[in-house]
Amino acid sequence: MDRALVDVVRRFNRTVTQRVGALDDSYLARDRPLAQARLLWEIGPDGAEVAALRTRLDLDAGYLSRLLRTLEGAGLVVVGPAEGDGRVRTVRLTDAGRAEWQLLDGRSDELAWSVLAPLTAGQRARLTCAMAEVERLLMASLVTIEPCHPGEPRARACLRAYVRELAARFDSGFELGQGGADEQEYVPPAGLFLVATLSTEAVGCGGLRLSPGEPAEIKRLWVSAAVRGLGVGRRLLGELERHAVAAGAASIRLDTNRTLTEAMRLYRAEGYQEIPRYNDNPYAHHWFAKPLT
């Protein structure tokens, strides 16, 4: 890792934490630090499930419980079982909590304006565009990619979304049974299935078929619209290639439908060359291959 890049990130972190008041014990001039204020804001007027808050804010369960106890002790929230399901814990704002939430919301607007006010119109546009880009790139950095059994819930959720999208985009519709493969073809040593995850939500996937003496084959490569443009598809492709190399494959290939123009752009950009048909997949119009070194 380039040391200069690391230093830039650290300077940015220091500047942001100071400018937004993250170091203050009384965030936005209230009598609580940023962590409590952020949690209160995330609970919101509609309330929330405790498990969802833990996932959304990426908090340790014990730390979240301590924060909730503090807010509960201040009379701002009530924690209890969900209506109709006692196994699920929910948290709701009290009347005092709703008043505090509205105050925090207003002061957050004021803080944002205090950042923008000293700048010219051009500088404001540059700053907000840069912030939007930083937000997207930080989101990209939170995406993890790891092997997953194709029968697990995350993998199945990806495959259902994959089928829905292809059925909507293909001229002839799409059914997984045609030109498909069963789960065992994506289980080592026969193959591999990868899932990309963002805050416990599956946002992408890709399968790899491995046959001795044959090129490796990529199947079921899909990325959620929510994270497209963040390089997740490229990362999935690279990870599948890496696993193919580790398995001893000398080359890798794939097929695709003519409507998936963005996928074909990615393949060509990553060194794939179009080749003659190598299978009887009824949905395929283009076939690509790439040597692995």
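The values are calculated or read from the model by the stated rules, or taken from the named source; none is laboratory data. Computed from a predicted model, the values in this text were never measured in an experiment. Positions of Cβ are generated from backbone atoms using ideal geometry, with glycine treated the same way; all protein chains shown enter the neighbour counts. Ligands, DNA and RNA are stripped out before the accessible areas are found, and what is left, the full protein with its side chains, is counted by its heavy atoms. Shrake-Rupley method; radii C 1.70, N 1.55, O 1.52, S 1.80 Å.
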Checklist line | Unmet criterion (only one of (1) open to solvent by less than 30 Å² (accessible area, probe 1.4 Å); (2) under 21 Å from the mean Cα position of the chain (by Cα); (3) over 23 Å from ALA289 (Cβ atoms)) for SER199 | finding: (1)
Check: Can you find a residue in the range 1-20 that is part of a strand (DSSP E or B), under 23 Å from the mean Cα position of the chain (by Cα) and aliphatic (A, V, I, L, M)?
Finding: no
Check: Do we have GLN36 as under 16 Å from ASP105 (Cβ atoms) and either outside any loop (DSSP other than H, G, I, E, B) or of a type in the set (Lys, Arg) (or both) here?
Finding: yes
Check: Looking at the range 202-217, which of the residues that are of a type in the set (A, V, I, L, M) and over 10 Å from GLY191 (Cβ atoms) is farthest from the chain's Cα centre (by Cα)?
Finding: ALA202
Margin query: I need the strands (runs of 3 or more DSSP E) fully contained in the range 45-161, keeping only those with at least 3 residues that are open to solvent by 80 Å² or more (accessible area, probe 1.4 Å) and either of a type in the set (D, E, K, R) or at positive phi (or both).
Written below: 85-93
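Yes/no per residue for (1) charged (D, E, K, R); (2) in contact (Cβ under 8 Å) with a residue 60 or more places away in the chain:
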position: GLU241; (1), (2): yes, no
position: VAL245; (1), (2): no, no
position: ASP255; (1), (2): yes, no
position: ALA263; (1), (2): no, no
position: LEU266; (1), (2): no, no
position: GLU274; (1), (2): yes, no
position: ARG277; (1), (2): yes, no
position: PRO282; (1), (2): no, yes
position: TRP287; (1), (2): no, no
Check: In the range 159-172, what count of residues is obtained for those that are modelled with pLDDT of 90 or more and farther than 21 Å from CYS148 by Cβ?
Finding: 4
Notebook entry, point to check: Could you count how many residues in the range 51-80 are in contact with a Ser or Thr (Cβ under 7 Å, 6 or more places away or on another chain) and either among the aliphatic types (A, V, I, L, M) or free of Cβ contacts under 8 Å to residues at least 40 places away in the same chain (or both)?
Noted result: 5
Note to self: So, in the range 226-239, exactly how many residues are in contact (Cβ under 8 Å) with a residue 40 or more places away in the chain and open to solvent by 40 Å² or more (accessible area, probe 1.4 Å)?
What the structure shows: 3
Notebook entry, point to check: In this structure, does GLY21 turn out to be within 24 Å of ALA130 (Cα to Cα) and surrounded by 14 or more Cβ atoms within 10 Å (Cβ to Cβ)?
Noted result: yes
